[in-house]
Each structure stands twice: as structure tokens, then as C-alpha cells.
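Structure first, then comments.
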2 protein chains.
Amino acid sequence: MAEDAADVLVAGTVAYDTVETPFEDVQKALGGSATYFASAASLFTTTHVVSVVGGDFEMGELTFLRDRGVDLSGIEVIEDGETFHWSGEYHYDMNTRTTHATDLNVLEGFDPHIPEDARDVDQVFLANVDPELQLEILDQLEGDPFVAADTMNFWIEGKPEALKDVLARVDALLINDEEAREMADTPHLTEAMRRIQGLGPDVVVVKKGEHGCVLANGQDWFSAPAFLHADVNDPTGAGDAFAGGFLGTLAAADEMDDDALRKAAVYGTASASIVIEDFGPAQLENADRSLIEKRAKRLASFAQFPEI
Amino acid sequence: MAEDAADVLVAGTVAYDTVETPFEDVQKALGGSATYFASAASLFTTTHVVSVVGGDFEMGELTFLRDRGVDLSGIEVIEDGETFHWSGEYHYDMNTRTTHATDLNVLEGFDPHIPEDARDVDQVFLANVDPELQLEILDQLEGDPFVAADTMNFWIEGKPEALKDVLARVDALLINDEEAREMADTPHLTEAMRRIQGLGPDVVVVKKGEHGCVLANGQDWFSAPAFLHADVNDPTGAGDAFAGGFLGTLAAADEMDDDALRKAAVYGTASASIVIEDFGPAQLENADRSLIEKRAKRLASFAQFPEI
């Protein structure tokens, strides 16, 4: 972990996931956006987690994060509640999935609180939760952090006004391609990204699964491939691991310029490539910085243009 | 056109297409794989076309190719037949399409003949036609050209044995991602490409529309983004224009090494980005080498990695 890197905070879910893929089924395994984010970000810098779990949650499952210095004091435990549970199925090409169940449980009525000493962090990730919760988190921040948010079609359709308020207040939106098209109401992806920039964030990162990502930073555009040889066994958490590597890398940057953002996208991609190789965050549990560096270098070689 | 570039030959269709997109409908416009290929390849080198049309075909539609020195003497005209007609519809994201009609017409019973003086070309593209026709073309070639082929799900399912024979005899397969997965019977794209290499071609290029392309050359891998700002109005012909730019670029290469193949993929991408901006090959009719060069340079900037 870089000595001089700023701290990162994530507000999102710690969950139990039930996942079916063409290869295997897993019942109630550790998941959640904050878990995946922290699993990646903690390889880069000190990470603070704001979330909520039920009395059924085994805190021991997060020991690997605590061992890396992750601050878990922002995880509220509601003893008589049940942990958020997502259940879904990935299809043949692993790029599309069907959600079978979203049991909000303790997430309903969640009133997030950032611990006092984590309110002035420099990098914040508002993972995919109700935009009204994202606004509550924004209200608790001190200083002028770089804030990135994620969202999904459920909120784009269900809470467009609150989401608009979030977009007006964040620096970056990290979103998948289908959602970007839906949010901006156009099939042209780059046009969609331009329109989203018009709603607030200068930086828009569209995550396209095995097709890599596209980054818009003001007028600058960058396209990075996915890690070609990842052995995809469970894409769950790829987007959040991407965000963890992305913000973790930015935390060590001197300036938020194009170069720093491109580098963040590359390390985000490297982080995502690791998590999808197994169910849950297991692969990121076992990963270290040298693996991330190796993948980033391989990505650079995949994308190496000839002299034009 | 490069003075020292070798000649290129394409065997494929010259067609009338009826296309619906979310933006516009066009009836019986000039199309066909050989048309699109030649529209791009002729910006790079001398191109020979082997195809067949009916008595209804207006040869004047190909004047722009003749003006660029394209050899059209390999296009057979069957006076009492009708030209091949494809009709289809592109959906909202422009990455998926539905075929409404494929009227083979003169393509049924087509007996392709390569003109004598075009049999010893150095680069050959077997566009997406019946693999038995592709084999007939292969049998007429002299010397040891670099041969690339395209195919589609219809032949993968309908003529797997003839297709296997084609694959055993070509240097490169250019195919889209869905077809690559189907051909190799795996959802893992890079695994699919490895398996296809095992069937014959050292070079496999998977075209992914707006997601760019992936090139495998033996053990080497390259991923290039699509041209981000293309104003997509009709994706028809993008794959054939890609092939035209790809082989047209290879025709000028001193060696078939990784660098030459990466460069070919970039110029193929640039060619495809131009044709999709209008219906039919119109945009490639108006294009010149300087536009292609400009796009290739923009692609390089989209893909420019930071120092890792």
C-alpha cells in the first residue's frame, strides 16, 4: 500500500449472494458492493466501509479486510434484522444476467452514518444503492473529496429526481453500458456519455464487462480492453472491484489529470479481472499488489498500438 | 494507393440490401460483402472482385470502384437472374440485428471463376458465402497467398464439414464474437479463439462491433477499440469494410509479423468506422487515405495507455 496515498471511503452493501453460472451454483456467499470495493481498494490504500448487516452476518468473513487495515467501524449491525441478499443467474455469454431475488432486509430503512474520523477522506465511492441514501452520505462528507457514484436501471426508472441530484454533486459516474444508454435515452454510447457529463460528472466511466471500459474525462476519451485471459467464473462484483482499483489508484495520484484517470481505469480493470475468476471476493482476498501490477502490464501489452 | 502494395482479391456478394434501423429505412440499396470489402481495400491497393449479379443489377453503381482501379471482370452477370437480396433490421443498441429475408437468387448455383490474371494475388478474402464456394475459390488460387475467410452461424450449423475444410486451408478467420463462441462451443471468447486456431488459422480476428476487435496471432494478442465517435447509422458492411482495410494494409506489409497484423486491425477498424456512418458503402465512396490515416491516429489516442 502506497505510503502517501489518501484514504478511500465506500458506502454500499455487505451482502449474502446466491449465484448461478453456466459452471457452478453458490448459495449465500459473501458479497455486496462495499465488500468487493474494499477487497480491491485495500490493495492500494486505507479503506473505510459504511454499510449495514443483520444479526445473521458472520463478521469473521471480513477478517481478511480488517487484516489489511480496512476500517469496518462504519458497518452497522442490526441484531434482529437479516443481511441483504441478492440472488441471480448468469447466462451463457456471462455478459447478461437475470436477477431472481433482491431481499433488501436491513437495507430497508438503513440510515447510513460515516464515522467521525472518516468524513474528510479524499476519495469516496457511492456504490449502487438508493440515490436518497447516496445523498445522505454526500451530506455527511467534509472537505472536497473526489466522489464517484454507481447506479442501476432500478433507480434510473424508480428515482430519477434523487438520482439527478446525486449526479449534480459527484465528480464521476461509473456505470455499465446498458444503464448508460437507458439513463441518457440514446443507443449511441459516446453520445450517452456526453449527455451524462451534461448532468454533472466530468468523468464518466462505462464498464462493458468482457469488452473493457470507456472513460470520458471532459473532452478526453480512453478505451481499455478487458483482461483477455481472465478465467471468468463469476462476474458478480466486477464493477465494484473495478471501482475499488480505480479510486484506490486515484488516491495515490498527485493530480486528477487524464494520465491519472487512464491509469486508474487500467488498475480498475486489473482488479476486476481478478475477482471474476472465483465466486465471491475470494480471488481478491488472495491477491496482492504484485499480481495487480502484472495484470496492468499485460493489459498494456494487449492494447499496445503499432506505429501509425 | 501504395506503389509497392500487393494485389488483393475478394470473393463474395454484390447485393441489394433492404435495411431498417432505429433512424431510417432504405430499400434495395447497393450492398454485398464484396462491394463493402472492395470499397475499403481499394483505398489501399489494387483489388479484384469475384462475384455474381442478376440482369436487374445496375453496373453503374460500381463506377466508383472502377474509377479506383478495381478489377470487376470477375463479376458474372446472369441476365435472366435476380441479384442477391438481403433484408434486415437493426435494433436499439445497433449491435444486434434480425434478418427478415435472404433471397439468394443468382447466388444459388453460383460457379465462381477467378479471372486468369488474378489467380496469383498475394491477399485473398473469402467473404461470408457457402463454404463449398469458398473451397472452389481456394482451388483456383495459384502461388501461396495469405487467405482470410469470414463465415456465419448459418454455415457453422448447416455445413460444418465443408467449413472445417476451409479452416484447415486459410491463414486467418475474421468472425464476429457470437459466431466465434458458437463455432468453438464455449462462452469464453479467448478460449473460443484458441480452439479456432486449433482448427487451422494462426490468425483469428473477432469483430465485436462498437466494442472493437480482438486479434490472436499465434501466441500474441491484441485488442483494439472501435472508433468512439463514429455516428452509427447503418452497421451493414462494417465487417467486410474491416476485412478490406485489414487485407489492404497487409498487402503493403513487408512481413506478416505481429506489428503488421496489429496495424492491419487498426486500419480495418478505421475503415469500418467510416462505412457505418451512412447507408450502403456511400461513406467509403467519398473517403480517401487521409481520412483513414486520421481515424487510425485517433484510434491510437483512444487506446493510449499511461506509463504502468
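The values are calculated or read from the model by the stated rules, or taken from the named source; none is laboratory data. Everything quoted here is computed from the prediction, not taken from an experiment. Glycine also receives a Cβ, built like all others from the backbone with ideal geometry; neighbour counts cover every protein chain displayed.
Side notes on the structure shown:
- Elements of type strands (runs of 3 or more DSSP E) in segment A:1-113, at least 2 residues being within 14 Å of another protein chain (Cβ to nearest Cβ) and more than 21 Å from A:Glu142 (Cβ to Cβ): A:85-90
- The listed residue being buried (at least 24 other Cβ atoms within 10 Å of the Cβ) and of a type in the set (Phe, Trp, Tyr), out of A:Phe64, A:Phe44: A:Phe44
- For segment A:137-146, a residue qualifies if it is assigned to a loop (DSSP other than H, G, I, E, B) and surrounded by fewer than 15 Cβ atoms within 10 Å (Cβ to Cβ), and the qualifying residues are A:Glu142, A:Gly143, A:Asp144.
- The conditions of being touching a strand residue (DSSP E or B) at 6+ places or on another chain (Cβ under 9 Å), more than 14 Å from chain B (Cβ to nearest Cβ), of a type outside the set (A, V, I, L, M) and within 22 Å of A:Ala34 (Cα to Cα) are met by A:Asp240.
- Residue count, segment A:198-223 (criterion: more than 14 Å from chain B (Cβ to nearest Cβ) and at negative phi): 5
- Residue in segment A:126-136 that is within 14 Å of chain B (Cβ to nearest Cβ), buried (at least 17 other Cβ atoms within 10 Å of the Cβ) and not polar (S, T, N, Q) present: no
- Count - residues of segment B:172-182 that are free of Cβ contacts under 8 Å to residues at least 40 places away in the same chain, under 22 Å from B:Ala162 (Cβ atoms) and within 14 Å of another protein chain (Cβ to nearest Cβ): 5
- The set of residues from segment A:219-255 being within 17 Å of A:Ala29 (Cβ to Cβ), out of contact with any Phe, Trp or Tyr (no Cβ under 7 Å at 6 or more places or on another chain) and among the hydrophobic types (A, V, I, L, M, F, W, C) comprises A:Val232, A:Ala238.
- For segment B:68-82, the criterion of being more than 24 Å from B:Ala118 (Cβ to Cβ) and at pLDDT below 95 is met by no residue.
- Only helices (runs of 4 or more DSSP H) whose full extent lies in segment B:251-308 are considered here, and the ones with at least 2 residues that are within 10 Å of chain A (Cβ to nearest Cβ) and either touching a residue at least 24 places away in the same chain (Cβ under 8 Å) or over 30 Å from A:Lys294 (Cβ atoms) (or both) are B:258-275, B:289-302.
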